[in-house]
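Worksheet for the structure shown next.
Here, each number is a calculation from the coordinates, and none is a lab measurement. Computed from a predicted model, the values in this text were never measured in an experiment. In this analysis, Cβ positions are derived from the backbone assuming ideal geometry, glycine residues included, and neighbour counts consider all displayed protein chains.
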Amino acid sequence: MTEVKFYHNAPDRLAAAAVILTKARRQGRKAVVFAPDEAEARRFDALLWTTPALSFLPHVGQHSKLASRTPIVFARQLADLPHEDLLLNLGGDLPGDFSRFAMLVEVVGRSDAERQPARRRWQFYKEQGYPVTAHDLSNLGE
């Protein structure tokens, strides 16, 4: 069953997501970044070129010829993916077919626009019996 992790109260949602991906890569995990919003995907792509500092996290788009050999794949749709280990949801909705992944990571900022849909997703996961854990990031960046 998919393990669900919520990282909430992130001062900077994309920066927190980059740190989470960095840790996942150090553990040898492969990830799919579900980023249906193109502008946000571009911002996150740029961030991964500098996180961690003086480095980058290797990543490509889901239709790249290198997707099967690259540890982080950006996807706008959850179809035809080379990895099913970790799914990082940067979308505002429940990611379809998330249950085929070993782990689902949700990163939630401080705005009500992010928190309200995240609460609905949390409730859905709990009602369906998924193991859900919460990590409060409210002290980051202060």
Centroid-to-centroid separation of the stretch 63-83 and the stretch 1-41 [C-alpha atoms, Å]: 15 Å
Taking all pairs of distinct alpha-carbon atoms in the chain, Kirkwood radius in angstrom: 15.2 Å
Sparse-neighbour loop sites [GluC sites (Glu not before Pro); the stretch 31-113; at most 11 other C-beta within 10 Å; DSSP]: none
Dimensionless Rg over Rh [the stretch 55-127; C-alpha; Kirkwood]: 1.01
Max mean-square fluctuation residue, GNM over the chain, Cα-Cα springs under 10 Å, options Gly61, Gly92, Gly129: Gly129
